[in-house]
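The values are calculated or read from the model by the stated rules, or taken from the named source; none is laboratory data. Note that this is a predicted model, so its numbers are computed, not measured. In this analysis, Cβ positions are derived from the backbone assuming ideal geometry, glycine residues included, and neighbour counts consider all displayed protein chains.
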Amino acid sequence: MSLHLPPPSPPLLLKRRALTFDDGPRVMGILNCTPDSFSDGGRFSAVHEAVEAALALVADGADLIDVGGESTRPGAAPVSEAEEVRRVIPVIAALRERSDVLISCDTTKAEVARLALEAGADLINDISAMRFEPRIIDVAAAAEAGVILMHTRGTPQRMAQLTGYEDVVAEVAAHLRAQRQEVIARGVHPGRVALDPGLGFAKEHEDNLRLIRHAAALRIEDAPVLIGASRKRFIGALTGEAEPTRRVWGSVGAAVAAAAAGAAILRVHDVKATYQALQVASAVWRA
């Protein structure tokens, strides 16, 4: 892999402050407040447990915490709005009381997003690129929040049957470009938009690898790119690890490769391992 790294992305403007990338990619720690996520579902049955876990991720080096209350793994059942609110809003509110860390709410629902931003979240991470409930665009725009638009096809229940691309990088980029234009047209500031190619969402293993390799090609209008490879099935296929929690080292390898390819944000379960690997890799690149 070439050490001629892409230049850093411009700052991502969030509700309370900008997220900058001059010192390298930022680490987003995953906090799943769900009973059925593919890797760590059911770990946190109480708000205080979730908050302590988030604070531990911050201590390990996380720049952002991504709080989610609905599993989006392939085949996952949908969760009601009321249940998602019950799972995530108290956690976001309690975490904001304890920490100034940037908080993302991983949701596709407009009302969940509104309540999350009121509770202290800084950005909305939407796997549907704000297509499932378009009113979420207006919520984000009104709050001057950051947004992450992710590529997928169909719903989590159907996406595994919707793979198949002639040119996965070009097709994903075209989709993200169109969704970015849509949210900007409806009031979201261009500097508040980050893009995610959606590894594992209607993608085959080779598609995931190509999207990581060509992360810089997804920097549409220089928007920061988020890569979320952590513990996913293609990591298991490459390493032979069937158990997601044993895919730490493969996930770190994917994160470092993504950083070298131009990713600005790395969404990970294993924050300390990723953070330390990036510290060393960044020192090498700077040298």
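General remarks:
- In summary, strands (runs of 3 or more DSSP E) completely within segment 102-196 and bearing 2 or more residues that are out of contact with any Asp or Glu (no Cβ under 7 Å at 6 or more places or on another chain) occur at 123-126, 193-196.
- Of the listed requirements (1) touching a strand residue (DSSP E or B) at 6+ places or on another chain (Cβ under 8 Å); (2) assigned to a helix (DSSP H, G or I); (3) in contact (Cβ under 8 Å) with a residue 12 or more places away in the chain, N208 misses just one: (1).
- Figure legend. Inter-residue proximity from segment 239-259: first residues part of a helix (DSSP H, G or I), second residues aromatic (F, W, Y) and modelled with pLDDT under 95, beta-carbon distance below 7 Å, spacing 6+ or different chains. Indicated pairs: P244/F38.
- Qualifying residue in segment 244-254 (condition: touching a Gly at 6+ places or on another chain (Cβ under 9 Å) and within 25 Å of R16 (Cβ to Cβ)): no
- Among (1) touching a His at 6+ places or on another chain (Cβ under 8 Å); (2) small (G, A, S); (3) in a helix (DSSP H, G or I) - the single one A273 does not satisfy: (1)
- Looking only at segment 15-58, and only at residues there that are in a loop (DSSP other than H, G, I, E, B), more than 13 Å from R87 (Cα to Cα) and touching a helix residue (DSSP H, G or I) at 6+ places or on another chain (Cβ under 7 Å), the one that is modelled with the lowest pLDDT: F38
- Residues satisfying the stated conditions in segment 59-82, i.e. among the acidic types (D, E) and at pLDDT below 95: E70
- The listed residue being over 23 Å from P11 (Cβ atoms) and surrounded by fewer than 24 Cβ atoms within 10 Å (Cβ to Cβ), out of G164, G187: G164
- Of the residues in segment 76-90, none is crowded, with 23+ Cβ neighbours inside 10 Å, in a loop (DSSP other than H, G, I, E, B) and touching a Ser or Thr at 6+ places or on another chain (Cβ under 8 Å).
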